[in-house]
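The values are calculated or read from the model by the stated rules, or taken from the named source; none is laboratory data. A quick note: this is a predicted structure, and the numbers were derived from the prediction, not measured. Here the Cβ positions follow ideal geometry from the backbone for every residue, glycine too, while neighbour counts run over all protein chains shown. For accessibility, only protein heavy atoms count, side chains too; no ligands or nucleic acids. Shrake-Rupley method; radii C 1.70, N 1.55, O 1.52, S 1.80 Å.
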Amino acid sequence: MSAGPGLGREEAALAARLRRQWPVSGPSEALDQAVLARAGTARGARRRTRARLPWLLASAAAAVLAVGTVLRLAVAPAPTDDILATEAAAPAAPAATPAAARQPVASGGAETAAPERSALRAPAATQPVQAAERQAAGVTAPPSPPADDGGARQAVAVPAAAEAELAAAVALLEAGQDAAAAAAARTLLRRWPGIELPEPLQALLAEPAPVE
Amino acid sequence: MAADGDSSDEQLALAWAGGDQAAFLRLYARHKGRLYAFLLRSLGRRDAADDCFQDTWARAIAAHRRWRPQARFSTWLLQIAHNLVVDRFRRQRPMVSIDDGDGPAPPPVLVDGQPGSDPAAAHEALEQGRRLRAAIAALPLEQRTALLLRLDAELSLEEIAEVTGAGRETVKSRLRYAMDKLREAMG
């Protein structure tokens with residue numbers, strides 16, 4: 001028997017017989033892909049992390065804003081029908097709700113008599129900085145209720161508490177994180193049904209959900 | 001360090017250790033067939049061979065930056081594979097079962113270049129292939145490993161000793177026993 005790398009005559013004959021009578025086709029393509037994927041794992045992971053950084057930052061910002069909103073909602077007393085009725089009977093003092101008091105009113109009725117509720121509207125005329133932020137975020141001012149319906153059909157405006165979340169949703173959309181933006185927009189709609197979304201977000205929600 | 005198409009395994013392995021993924025692809029293309037054949041013929045089952053094949057490359061990938069050209073790359077790779085095969089046998093004995101329907105596909109029957117032109121010859125070739133596989137499967141693991149590393153991978157006695165961790169004379173003895181048993185089984 002040869003001790004070197006070359007096979008002896010009997011070994012060579014047996015090796016040829018082995019390959020002929022017990023052929024092995026090699027690893028499957030799926031196995032190839034599994035190994036090759038494993039070989040590229042480290043580099044791929046770094047690339048994925050870099051690609052996800054904007055999304056992670058946007059998500060973190062949205063989470064912080066959401067927590068702030070929840071805290072604000074928890075601290076503020078929820079407006080009830082009873083409170084609204086009481087306040088409708090007695091107009092609020094200008095000092096208590098200055099923004100709402102200075103808000104131009106199209107007609108009388110519930111909107112006129114509910115300053116707390118009016119305060120939830122974005123007071124665009126009295127807070128120019130906030131209005132500019134909303135404009136930058138693509139949020140349009142809520143349409144005033146038509147004068148002929150007496151204010152009964154009240155449009156749902158963007159509550160102040162929702163503005164930050166709305167801005168975050170728009171930021172996600174602009175960052176190309178469509179799925180996250182859509183999720184944020186749906187959350188907004190669930191919390192404030194009927195809230196006006198900017199056109200890009202509306203278009204995003206109108207798109208069919210991607211099939212995974 | 002860039003490795004071209006004529007680079008040795010060791011040059012490619014060094015390039016791979018330096019971060020050259022193309023070098024890995026060439027090493028993989030060179031060694032995957034021989035490694036898989038060794039594993040399949042050692043273990044006798046495709047599912048087990050698939051597992052060990054993937055684990056072998058996973059370990060090689062995890063350790064490739066520490067590879068140093070003191071040994072041939074092929075020997076290093078086969079050493080990893082051999083260790084995995086031994087571990088598997090220790091965990092799940094008995095392992096090799098070539099007649100359980102999950103073994104390798106029957107060899108293609110070729111008579112005068114035409115498949116199946118003579119049913120009797122085809123049957124005989126099939127029977128010889130079955131006997132060969134059964135004879136290899138019946139060998140003790142150490143003898144089977146030595147035989148396959150010699151016939152399939154064409155390693156020298158010293159290299160087989162390095163892969164298996166046995167002495168050169170032990171390897172020589174194992175090979176002699178294995179050849180004797182095969183000769184006897186095959187008639």
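Sort out which residues of the range B:131-173 are in contact with a Pro (Cβ under 8 Å, 6 or more places away or on another chain) and either in the same structural domain as B:R41 (by TED's automatic domain parsing) or without any contact (Cβ under 8 Å) to a residue 60 or more places away in the chain (or both), and write them in order of number.
Correct list: B:E154, B:S156.
Go through the range B:62-74 and give me each residue that's surrounded by 19 or more Cβ atoms within 10 Å (Cβ to Cβ) and within 10 Å of another protein chain (Cβ to nearest Cβ).
B:H64
Hey, can you tell me all the residues within the range B:162-187 that are within 11 Å of chain A (Cβ to nearest Cβ), among the aliphatic types (A, V, I, L, M) and closer than 11 Å to B:E142 by Cα?
B:V171, B:L175, B:A178, listed by residue number.
Of these, A:R48, A:R43, which one is under 30 Å from B:A63 (Cα atoms), open to solvent by 40 Å² or more (accessible area, probe 1.4 Å), at pLDDT below 85 and facing chain B (nearest Cβ under 9 Å)?
A:R43
Name, by its number, the condition in (1) more than 9 Å from chain A (Cβ to nearest Cβ); (2) part of a helix (DSSP H, G or I); (3) of a type outside the set (D, E, K, R) that does not hold for B:S7.
Tallying (1) more than 9 Å from chain A (Cβ to nearest Cβ); (2) part of a helix (DSSP H, G or I); (3) of a type outside the set (D, E, K, R), B:S7 fails exactly one: (2).
Specify the residue that is farthest from the chain's Cα centre (by Cα); the eligible residues are those in the range A:1-40 that are at pLDDT 80 or above and of a type in the set (S, T, Y).
The residue in question is A:S25.
A:V158 passes all but one of (1) open to solvent by 20 Å² or more (accessible area, probe 1.4 Å); (2) at pLDDT below 80; which number fails?
All conditions are met except number (1).
Go through the range A:197-208 and report how many residues are open to solvent by less than 50 Å² (accessible area, probe 1.4 Å) and outside any helix (DSSP H, G or I).
Matching residues across the range A:197-208 total 2.
In the range B:14-61, which residue that is part of a loop (DSSP other than H, G, I, E, B) and open to solvent by 30 Å² or more (accessible area, probe 1.4 Å) is nearest to the other protein chains (Cβ to nearest Cβ)?
If we take residues in the range B:14-61 being part of a loop (DSSP other than H, G, I, E, B) and open to solvent by 30 Å² or more (accessible area, probe 1.4 Å), then B:G19 is nearest to the other protein chains (Cβ to nearest Cβ).
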